[in-house]
1. Hey, what's the Cα Rg ratio for segment 104-191 versus the globular rule of thumb, 2.2 N^0.38 Å?
2. Which shape class applies to segment 286-397: rounded if a/c is under 1.5, otherwise prolate when a/b exceeds b/c and oblate if not, where a ≥ b ≥ c are the square roots of the Cα gyration tensor eigenvalues?
3. What length, rounded to one decimal in nm, is gained on full extension from Arg288 through to Asn91, with 0.36 nm per residue of separation minus their alpha-carbon distance?
4. Can you work out ³J(HN,Hα) from phi for every residue in segment 240-246, in order, using Karplus 6.51 cos²θ - 1.76 cosθ + 1.60 and θ = phi - 60°, giving whole Hz and x for Gly and Pro?
5. Phe341 to Tyr199: FRET efficiency via 1/(1 + (r/R0)^6), r the Cβ-Cβ distance, R0 41 Å, to the nearest 0.05?
6. Students often get this wrong, so check it: of Lys218/Lys383; Lys164/Lys198; Lys188/Lys368; Lys184/Lys218, which have C-alpha atoms separated by over 24 Å?
7. Amide H of Ala145 versus every other amide H placed in the peptide plane: which residues, excluding those fewer than 5 positions away on the same chain, fall under 5 Å?
8. Skipping prolines and chain starts, which residues have an amide H placed within reach, meaning under 5 Å, of the one on Ser171, given they are 5 or more residues away or on another chain?
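Each value in this text was obtained by applying a stated rule to the coordinates, not by laboratory testing. Just so we're clear, the structure is a prediction, and the values are computed from it rather than from any experiment. Note: ideal-geometry Cβ built from the backbone for every residue, glycine included; neighbour counts use all protein chains shown.
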Amino acid sequence: MRKNKMIIAFLIFVIAGLIAGCKRAREENQVKVGLLHSLSGTMALSEIPVRDAELLAIKEINAAGGVLGKQIVALQEDGESEPVVFTKKANKLLKEDKVATVFGCWTSASRKAVKPVFEDTFGLLWYPVQYEGMEASPNIMYMGASPNQQVVPAVDYCAEHFGKRMYLLGSDYVFPQTANTIIKSQLKKLGGTCMGEKYIPLGETDFREIVRDIKELKPDVVLNTLNGDSNIAFFEQLMEEGITERDIHIMSFSIAEEEINYIGVEKLEGHLVTWNYFQTTDTAENERFVKEYKKMYGENRRTGDPIEAGYIAVYMWAMACEKAGSFDVEAVRMAAKNLKFNAPEGLVIMDNLNQHLAKPVRIGRINKDGLIDEIWSTNTAIKPDPYLSTYDWARGL
């Protein structure tokens, strides 16, 4: 009996050793990355699709052999649409999980909340959304548009085609406030007028007073920097007041194809948006991207600018790692300088000074199918200018 117990104990020891050895071998063949997005709360409807695009890119890269011979393992955390939670989860990913890099955030409030964490630990965040500029952290790679690649050309377009009497409406946080500071300075240069400027908390659903104000003032265009599910209520209440695109043009900066799905195309048809990418963008890379995204998540799903930017981010990180021959943050940062990628939106190039992408600019109109028809675009990728240093009217902002 004692001999049998000794044999069993020995076998357990051997099996445990084999399991531990297999685990070590598996871990040695892996590289961990963090995905930090709002999977709950008011921003979830926008951020979950970006997370999904990052997972698609990881799946494709792994199927092609991984990065530096290692398979990418994604550790997902929920920022819960709260900047303080984003800070907590960023600390966890970088300090406890020891991820090689992080892809994530949407709002500028969440990005600014985690920025000190990445700078203090010298981590690297790949940020997938257009933003207000006035920033260039060595620990952030900016995949979305800077102001000169979205806000400024959109205001110029509206002034030329609709008029210079503009009403500014945004969520009450960094991006809308800074974007509108830029817009007011630009309007002054154009000889335009700011008819109104309103901010509401993220998640707010009562726009009745604001809608009445817009109806009474009759601006030429409303520049909309609302984020998250507040857009559902705003456009619903516009419709209830009988205001359509034939009455007042709405130019939105944070509504892409997936948000159109949630808000309802009947509320949005004919209104305008400005991005660097649409699902309808005519490139071979985009045709493949849309096909694979729908194959993975369902034919009813839509792509959109931040979704595509999240997808770009994973590929450009992988390319920089391969170029550097390392996962080390500083080596990857240096390797990313001037890196080019044939993205679904077209050729993008990482600026060697400010870690923003040179990108094409597009303006589109929402159609009856809930997609966006391009009505204006730049011929080439526009060099990023996050501080608007090339605009005389932006001095002192």
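1. This ratio for segment 104-191 stands at 1.23.
2. oblate
3. 67.4 nm
4. Rounded to whole hertz, the list is 4, 7, x, 8, 10, 5, 6.
5. Step by step, r from the Cβ atoms, then E = 0.70.
6. Result: Lys218/Lys383; Lys188/Lys368 exceed 24 Å.
7. Amide H to amide H, under 5 Å and 5 or more residues apart or across chains, Ala145 pairs with Gln130, Tyr131.
8. For Ser171, the qualifying residues are Ile200, Thr225, Leu226, Asn227.
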